[in-house]
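Please treat every number below as a calculation from the coordinates, not as lab data. In this text the structure is predicted, and so the values were computed from the model without any measurement. Reconstructed Cβ throughout: ideal geometry from the backbone, glycine too, with neighbour counts over all protein chains shown.
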Amino acid sequence: SPNFDAKPLTQTQIRSKDTLVISGAALFYKKGCLYCHRIDGQGGLKGPDLSEVSLRLPPGDLNIRIVNGGTNMPAYGGILTKNQLTAIVAFLKTRKDR
C-alpha cells in the first residue's frame, strides 16, 4: 500500500550531481511517486521497485508509462509539465544498479 510517510531521497540515494537528475528526484517525491514506488529501500510497496528501472524500460517507455499510467498507476500526463516529465525520466534513467 502507499507509504505516505516516505521521506525524500538522500543525495546518496540519488547518486548524481547533475541538476536535472536532482530536480527529477525531488519531483519524484513531490508528485507522490515515492509513496507507491521504492528506490533503494525508500518508499512504498504498492507499485514496482524502481531501483533498477532503467535496466527494464528504455526512456521512451518510461515517458509513456508516466504520461498514460499503468495497471494501478494513475496517468500523470495532465499533471506534469514537459520539463517536469523530462526531469523525472532523467532521474529514472540513472537507476541502473544499486
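How far, in nm, would the chain grow between T94 and K30 when pulled straight, counting 0.36 nm per residue and subtracting the alpha carbon separation? Could the numbers behind the result be given before it?
Values: separation 64, 0.36 × 64 = 23.04 nm, distance 1.86 nm.
Additional length available on full extension: 21.2 nm.
Given the -39500 (n - 2.57) contribution per DSSP H run of 4+ residues, what per-residue ellipticity at 222 nm results for the chain, rounded to the nearest 500 deg cm²/dmol?
Details: 6 runs with 46 residues, N = 98.
My calculation for the chain gives -12500 deg cm²/dmol from helical runs alone.
Return the long-range amide H neighbours of Y76 (sequence gap of 5 or more, or a different chain), with a cut-off of under 5 Å between placed amide H atoms.
Amide H neighbours of Y76, under 5 Å, 5+ apart: V67, N68, G69.
Report, in debye and to the nearest 20, how large the dipole of the chain comes out about its Cα centre when Lys and Arg carry +1 and Asp and Glu carry -1 on their Cβ.
Here the size comes out at about 100 debye.
How large is log10 of I(q)/I(0) for the stretch 40-86 at q = 0.18, 0.19, 0.30 Å⁻¹ when the intensity is taken from the Debye formula with one equal scatterer per alpha-carbon?
After summing over all Cα pairs, the log10 values are -0.62, -0.69, -1.21.
So if each residue of separation counts as 0.36 nm, and I subtract the Cα-Cα distance between K46 and L20, what length gain in nm does that give?
Numbers: separation 26, 0.36 × 26 = 9.36 nm, distance 2.64 nm.
That works out to 6.7 nm of additional length.
Given +1 on the Cβ of Lys and Arg, -1 on the Cβ of Asp and Glu, and no further charges, what dipole in debye does the stretch 19-69 carry about its Cα centre, rounded to the nearest 20?
Details: 6 positive and 4 negative charges, 41 e Å.
Taking the Cα centre of the stretch 19-69 as origin, the dipole is about 200 debye.
Between A75 and K7, how many nm apart are label points set 7 Å from Cα along the C-beta direction?
Once both label points are built, they end up 3.6 nm from each other.
Give, to the nearest whole percent, the P(r) tail of the chain beyond 15 angstrom, counting all Cα pairs. Before the final figure, lay out each step's value.
Details: 2707 of 4753 pairs.
Here the long-distance tail beyond 15 Å is 57 percent of all Cα pairs in the chain.
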